[in-house]
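Each remark here refers to the structure printed beneath this line.
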Amino acid sequence: MLPKYLSFLFLFLATVLAEEKDVLDLTDDTFSHELERLENTLVMFYAPWCGHCKRLKPEYAKAAELLLGNDPPITLAKVDCTESGKETCNKHSVSGYPTLKIFSRGDVVSDYNGPREAAGIAKYMKAQVGPASKELVDENCLKSFLASDEIGVVGFFEEADSPLAIAFHAVSKKLKEKVKFAHTTAKSLLEKEGHKNTIVLYRPKVLQNKFEPNIAKLEDGVTVIDVQEFITKNYFGIAGVRTRDNAAEFKNPLVVAYYAVDYVKNPKGTNYWRNRIIKVAKDFPSLNFAISSKDDFQHELNDFGIDFVKGDKPVVLAKNAKNQKFAMKEEFTVDAFEAFLKDLESGALEPYLKSEPIPDDNTGNVKVAVARNFDEVVTNNDKDTLIEFYAPWCGHCKQLAPVFDELGEKLVDEDVEIVKFDATANDVPAPYEVAGFPTLFWAPKDSKNSPVKYEGGRALDDFIKYIAKHATDELKGFDRKGKPVKPKADEL
């Protein structure tokens, strides 16, 4: 009998192999030959030690399984750039991992810039290799098209070149990577479905509920704008399923319910809570709603100070049109949710602010701003201000720290404030935007609502020259070029 740990290892390896059985493993010796015989191939160039590659691999394997039997055929393949595929990776200028490229008969079609989760990968690749809209010739084609768990948009046209049909096809080409399209001019199908010169959005069975229609129809639109607005308005329904890949499509004001959303393993349990969200949300048309997996969006929960979601009930968080944050503090019930939304609409809720405590002593030459004292330390300080938004773990920030301290000391008697702000522990206030660290802004005292991003050098002399030039009032210790001013005789 195998020792217990060996049995576990065998089971683990067997599972991994089973998961990747539909992914073609390519080497320098097989790459060209295999790709030349394949009509459409997505290739992942990877390194075994790469963390992003490890996270992508199971999703990639699931996508390969989803694409089995697709017409036209799509193959997913992978190349190990550290071992048997070094030469191939060099040939295709692979410099980071994972790198994904789309091939057709051995030729590179394009880089892959789509989603990184299974359903999204499969959907993206289908859009790349097939027509933007699939033609339906009979009832069986329509049934097959609507058999998946994806939302589908179908154009029913009496004339293939009608204004609505032309607009439909223009939009399908534009949105083919996100939306599944089909069209028909078959008279038998038009008559059976009862749709003529109409675009119909079909919700898959798994997303259907008693609070909204299973289909949405556009009958009087004729322009590209009409068609696109119809799809945008109706695509997600009252409460859309928000994933990491489509999150940017949900706009404020947005209310999100976070819980164990899983339409693969637990569709019934997922819809149990979604239907309760929809039941209330339908009466608040001014707000947008979504459900999200609490595991996939832990970073958003962290931004509201939530480290762990206990139990099965949804945690409800919201952002208004001003991007202010609000959290429903009560345990989820339909009544509590309704009360929360009423207070949100009326402006009765106190925004949530992620902030460190206000420092007890803030008399240093470099002032410390946190979210709760930002107005006092920066916005209303009546001084020109240079602000550094930093992260404690950032190497460049650590290198800048002693320079900033020296700068604060040099300008201690000037009408200028030097400020630092930990952007990982505090909400960054508008209008400041921070995408990397350190990020620095210059905020003149008379125009604090229009700060300017500092793009200059980070040596002490660079900062002094910049501040001397841009200060509202000329500095006492430096001229406009940043050169020290000699003290007058009566000041000696």
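Values for this structure:
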quantity	calculated
With every protein chain in place, the chain: carbon and sulfur % of accessible area (1.4 Å)	51 percent
Kirkwood-type radius of segment 274-324, with distances r between different C-alpha atoms, in Å	12.5 Å
Per residue accessible area of segment 323-381, 1.4 Å probe, in Å²	60 Å²
Which of Lys354, Lys322, Lys86 is most accessible, then next, and so on - probe 1.4 Å	Lys322, Lys86, Lys354
Solvent-accessible ranking of Trp442, Trp273, Trp393, largest area first, probe 1.4 Å	Trp393, Trp273, Trp442
Segment 179-274 - Rg (one decimal) and Dmax (whole number), Cα, Å	15.7, 45
Relative intensity, log₁₀ I(q)/I(0), of segment 257-351 from a Debye sum that treats every alpha carbon as a point, q = 0.24 Å⁻¹	-1.45
14 Å beta-carbon shell around Phe103, net charge (K/R +1, D/E -1)	0
Distance between modelled label sites at Ala321 and Ala147, nm, 7 Å Cα→Cβ extension	4.6 nm
No Cys partner within the rule (Cβ under 4.7 Å), the chain	Cys141
D (Stokes-Einstein, µm²/s), Kirkwood Cα radius, the chain, 1.306 mPa s at 10 °C	58 µm²/s
Inter-label distance, nm, simple model (7 Å from Cα along the C-beta direction), Ala459/Asp479	2.1 nm
Rounded D (µm²/s) - segment 294-422, Kirkwood Rh over Cα pairs, Stokes-Einstein at 4 °C, 1.567 mPa s	74 µm²/s
Gain in span if fully extended, Thr27 to Lys54, counting 0.36 nm per residue against the direct Cα distance	7.8 nm
Accessible surface, segment 63-184, averaged per residue in Å² (probe 1.4 Å)	48 Å²
Per-pair calculated FRET efficiency, R0 = 56 Å: Lys469 and Lys173 via Cβ, rounded to 0.05	0.65
Fully extended contour minus Cα-Cα distance, from Asp111 to Asp296, at 0.36 nm per residue	64.0 nm
Estimated FRET transfer efficiency (Ile225, Ser447; beta-carbon r; R0 41 Å; 0.05)	0.65
Per-residue ³J(HN,Hα) for segment 146-155, Karplus 6.51 cos²θ - 1.76 cosθ + 1.60, θ = phi - 60°, Hz, x for Gly and Pro	8, 6, 7, 8, 9, 5, x, 10, 10, x
Residue-averaged [θ]222 nm for the chain, counting only DSSP H segments that reach four residues, each worth -39500 (n - 2.57)	-9500 deg cm²/dmol
Dimensionless Rg ratio for segment 128-184, taking C-alpha atoms and the 2.2 N^0.38 Å reference	1.08
Separation in nanometres of the label points that stand 7 Å from Cα toward Cβ, at Asp71 and Glu83	3.8 nm
Using distinct alpha-carbon pairs, which all enter the 1/r mean, Kirkwood radius of segment 395-492 in Å	14.8 Å
Heavy-atom SASA rank of Thr30, Thr88 (probe 1.4 Å, accessible area, largest first)	Thr30, Thr88
Partners for Lys445 among lysines (Cα-Cα distance below 21 Å; same-chain residues under 8 apart left out)	Lys367, Lys383, Lys410, Lys420, Lys453, Lys465, Lys469, Lys476, Lys481
Using a Förster distance of 25 Å, the FRET efficiency for Gln208-Asp312 (Cβ separation, nearest 0.05)	0.65
Charge sum, other residues only, whose C-beta stays under 13 Å from Val434's C-beta, Lys/Arg counted +1 and Asp/Glu -1	-2
Between helix 224-234 and the chain: long-axis angle, C-alpha atoms, 0 to 90°, nearest 10	90 degrees
Residues whose placed amide H lies under 5 Å from that of Ala260, excluding near-sequence neighbours	Lys294
Calculated log₁₀ intensity ratio I(q)/I(0) where the Debye formula runs over C-alpha points of segment 304-357, q = 0.14, 0.21, 0.31 Å⁻¹	-0.39, -0.84, -1.34
Local electrostatic count at Ala165 - Lys and Arg +1, Asp and Glu -1, tallied over other residues with Cβ under 11 Å	-3
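The values are calculated or read from the model by the stated rules, or taken from the named source; none is laboratory data. Keep in mind it's a predicted model, so treat the numbers as computed, not measured. All Cβ positions, even for glycine, are placed from backbone atoms using ideal geometry, and neighbour counts span all protein chains on display. Just so you know, the surface numbers come from the protein's heavy atoms only, side chains and all, with ligands and any DNA or RNA stripped out. Shrake-Rupley method; radii C 1.70, N 1.55, O 1.52, S 1.80 Å.
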